[in-house]
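Read the structure below first, then the notes.
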Amino acid sequence: MFSWQLGLPSTIACLVFGYLLGSIPFGLILTRMAGLGDVRKIGSGNIGATNVLRTGNRKLAATTLLLDALKGTAAAAIASIWGVEAGIAAGFAAFLGHLFPVWLSFRGGKGVATYIGVLLGLVPVMVLLFAAIWLAAAKITRYSSLSALVATAAIPIALYAAGNGKVAVLFAVMTVIAWIKHRANIQRLLSGTESRIGEKG
């Protein structure tokens, strides 16, 4: 599970390819194209779909969510033509590219959409499990952030149980990073100040 057979030059090529795709800041690009200014100057200052939604444009937020996911899917799926390890390297780099884009002083999004996109590119059926867990948690708690945290925690376990050891390790690492990026949300959840789904503010 922990052996790595992809050669160093190929690994580096996949990492660069994935990072460049993942670092495309669709949220920033789309809001500027729509004449809504710099999304980093509103709300949380994040470039992801949740902050784009704070502009009041739901279609733009949905498009951002889709594109942030698909860049992870594209990186993982295209690189997977050369094997699962290539897909893992490119998918991980796309995730990091979204979180830490060099073009934006390494200040990107929180990564959930790209996480889902990489999952779609590597093990598509697991996206259904992610969605089911997210929806169940959201119905029970009405916390979007908590639902995402629960779903990301479950995916590495499910992947390992399904025999996808190397991919499980990838998503375990990505889950830890995603939780770190959500530390402010976790603090608000613990203090009871996190906004629930449907609430304003």
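Under a model in which nothing but the beta-carbon of Lys, Arg (+1) and Asp, Glu (-1) is charged, segment 1-85 shows a dipole of about 460 debye around its Cα centre. Structure remark: mean-square fluctuation, Gaussian network model of the chain, C-alpha springs under 10 Å; the largest value among 113, 184, 158 belongs to 184. What segment 50-136 shows is 45 Å² of accessible area per residue, with the surface traced by a 1.4 Å probe over protein heavy atoms.
Here is how the number arises for the chain: DSSP H runs of 4 or more residues each give -39500 (n - 2.57), the sum is divided by the residue count, and the result at 222 nm is -22000 deg cm²/dmol.
For segment 116-201, applying the loop criterion from DSSP together with a ceiling of 10 other beta carbons within 10 Å to the trypsin sites (Lys or Arg not before Pro) yields 200. Dipole magnitude for segment 125-201: about 140 debye, using +1 per Lys or Arg Cβ and -1 per Asp or Glu Cβ, origin at the Cα centre. In a reduced charge model with +1 at each Lys and Arg Cβ and -1 at each Asp and Glu Cβ, the chain shows a dipole moment near 680 debye about its Cα centre.
Distances between every pair of Cα atoms in segment 131-200, grouped in 10 Å steps from 0 to the bin holding the largest one, split as 21, 44, 27, 7, 0 percent. Here the Gaussian network model covers the chain, with springs between Cα atoms less than 10 Å apart; of 17, 95, 106, 106 fluctuates the most. Of the DSSP H helices in the chain, those that are both long (alpha-carbon extent of 30 Å or more along the helix axis) and hydrophobic (Kyte-Doolittle mean at least 0.5) are 58-79. Size descriptor for segment 68-165, Kirkwood hydrodynamic radius: 13.8 Å (Cα pairs only, one decimal).
The values are calculated or read from the model by the stated rules, or taken from the named source; none is laboratory data. Every value quoted in this text rests on a predicted model; they were computed, and no experiment measured them. All Cβ positions, glycine included, derive from the backbone under ideal geometry; neighbour counts span all protein chains shown. The area values use the complete protein model at the heavy-atom level, side chains included, leaving out ligands, DNA and RNA. Shrake-Rupley method; radii C 1.70, N 1.55, O 1.52, S 1.80 Å.
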